[in-house]
Each structure stands twice: as structure tokens, then as C-alpha cells.
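Enquirer: Supplied in C-alpha cells, the structure appears directly below.
Quick note: the coordinates plus some simple rules give every number you see, no bench work behind them. Every value quoted in this text rests on a predicted model; they were computed, and no experiment measured them.
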Ligand SMILES: *Cc1c(COP(=O)(O)O)cnc(C)c1O
């Protein structure tokens, strides 16, 4: 079942890439496995060529200790400072850096592990109050400059979550805003490559707007069952 879902998702990515004349090999697929157990993750992993994403520090920690570093893990959730150590220990990428305080802590933990932590800045590109992330250019630029200074952080990209809406134009605007922001930062001498944008409901739009990392959960694993906590699943 998950194997077939993954195949269909890859097919949709390839079809969209062909349509907008992009090379699928420049897009990293992140299977978002939150709320799914080790067995489902292994089924997807065995199909090859896919990274995994988690949004809770302890859930990631638990899965990491069972599956280890055969998997390239992405942390995509809201990150509290006191959970940074779990995440730096297990994640190759942290997509949700949105404050200097957090960056300082990540840099410190990464230094203690002798690791260069790859990070993305989380940007708020919609006007929904519920969404996390940075939104003022000066704030974003300042944090990007600090990240460049930190020896144990490598700033590689920007991440956003589109507004929850059926209005395709609003979603497109949110993704194109992220792309333009990368261009503006790069014109200001930052060297940022990755755009982490696009989920189950909007990843084709994200590909059109230049996404290089797609975070796809339910189209691969099925609907999440929030009646169980991850502790009962993992
Ligand atoms: C859960 C989650 C996703 C994946 O969501 P789906 O709609 O299931 O594809 C992507 N990004 C973030 C930040 C998430 O928390």
C-alpha cells in the first residue's frame, strides 16, 4: 500500500517536472512519517531514494534510536530550545529555525558533536496567524547573516507552509514569495539554494514555483490517526 502510494507520488512529481521543464533529480522527496511507526517507515525506505521528516523532537529521537543513521532525517516541526539536543543528534536537516536564540543553541550543540548542522529558515508567507516563521525582510536577513557566522551551522535554504485554502492563487503567491526571498537574499551575498515547500495538497504548485524539497506525508503513508499518541505507535 505505502509502496504503491510512493510510486504514485514519484510519478506525479515526474509528470509535473516534465510539464514545467524541470529535472526531477534536483528535487528531494521527504516522506513525512510523523504518527506512523517503524514498519511503515521501513516499507517506504526499502523503495529507496527518499528522506524522512518528523515534527516532534522525541518522536524523531525514538525513531532514530530504532532505525539509526541509515535514514537521512529532516526535522520540520516547531523546535523548543530544550529539545535541540535530541534533534541535532539525529537530524541531517532542521527546517524550522526562526530565532537567533534557537540558532545559537543549535550551533552550540552541533559544536559539541563536531557536526556541521544543515538548517533552513522558516518563513511565514501567508497572513494566517496560526503559521510560524519569520516575515520581515530585515529580520530574515539578520538571522541569515548570523547563521553564516556560526561555525557549526550551514544555512542551506528557506522553508514555508502555504496557507490552508482551496485558492490556488494564494498558494502560488506564498510559494513564489519564498522563491523571490531567496533571490533577494542571494543578491545580498547569501548563498542559499534550497526551497522547502509543498505538501500533499499543494506539492505540484510548489514544483511549478521552484521547490527543491517536498515534504509529503499523507499521500504516502495515508491519513494520520491523531487519536493515538506517537508513543503508542513507535
Ligand atoms: C505534517 C507536515 C507535512 C506533511 O503534510 P501532508 O499534508 O500529510 O503531506 C509537511 N510539512 C510540515 C511542516 C508538516 O508538519
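Enquirer: Please grab the % of Cα pairs in the range 11-56 that end up more than 12 Å from each other.
Expert: 66
Enquirer: Then there is this: Please report the spacing between the Cα centers of the range 58-101 and the range 121-135 in Å, no decimals.
Expert: Centre-to-centre (Cα) distance: 20 Å.
Enquirer: What 222 nm value per residue comes from the helices of the chain, counting each DSSP H run with n ≥ 4 as -39,500 (n - 2.57) and dividing by all residues, nearest 500 deg cm²/dmol?
Expert: After summing the helix terms and dividing by the residues of the chain, the value is -13500 deg cm²/dmol.
Enquirer: On the principal axes of its Cα set, how long, how wide and how thick is the range 57-151? Give whole Å, largest value first.
Expert: Principal axes ranked by extent give 39, 30, 21 Å for the Cα atoms.
Enquirer: Okay, moving on. First check a/c for the range 103-234, with a ≥ b ≥ c the square roots of the eigenvalues of its C-alpha gyration tensor; if it is under 1.5, answer rounded, and if not, answer prolate when a/b is larger than b/c or oblate otherwise.
Expert: oblate
Enquirer: Report the Cα centroid-to-centroid distance between the range 177-234 and the range 1-51 in angstrom, as an integer.
Expert: Between the Cα centres of the range 177-234 and the range 1-51 lies a distance of 13 Å.
Enquirer: In addition: Mind checking the full-extension length gain between residue 187 and residue 231? Use 0.36 nm per residue of separation minus the Cα-Cα distance, one decimal, nm.
Expert: Gain on stretching residue 187 to residue 231: 11.3 nm.
Enquirer: By how many nm would the segment from residue 135 to residue 19 grow when fully extended, if each residue of separation counts as 0.36 nm and the alpha-carbon distance is taken off?
Expert: This chain segment gains 38.6 nm when fully extended.
Enquirer: Shifting gears a bit: Pull out the extension gain between residue 72 and residue 112, defined as 0.36 nm times the separation in residues minus the alpha carbon to alpha carbon distance; nm, one decimal.
Expert: Net length gain for the segment: 12.4 nm.
Enquirer: While we're looking at this one, here's another question. Taking the chain as the region of interest, what is the percent of Cα-Cα pairs per 10 angstrom bin, listed from the shortest bin to the one with the maximum distance?
Expert: 8, 33, 38, 20, 2
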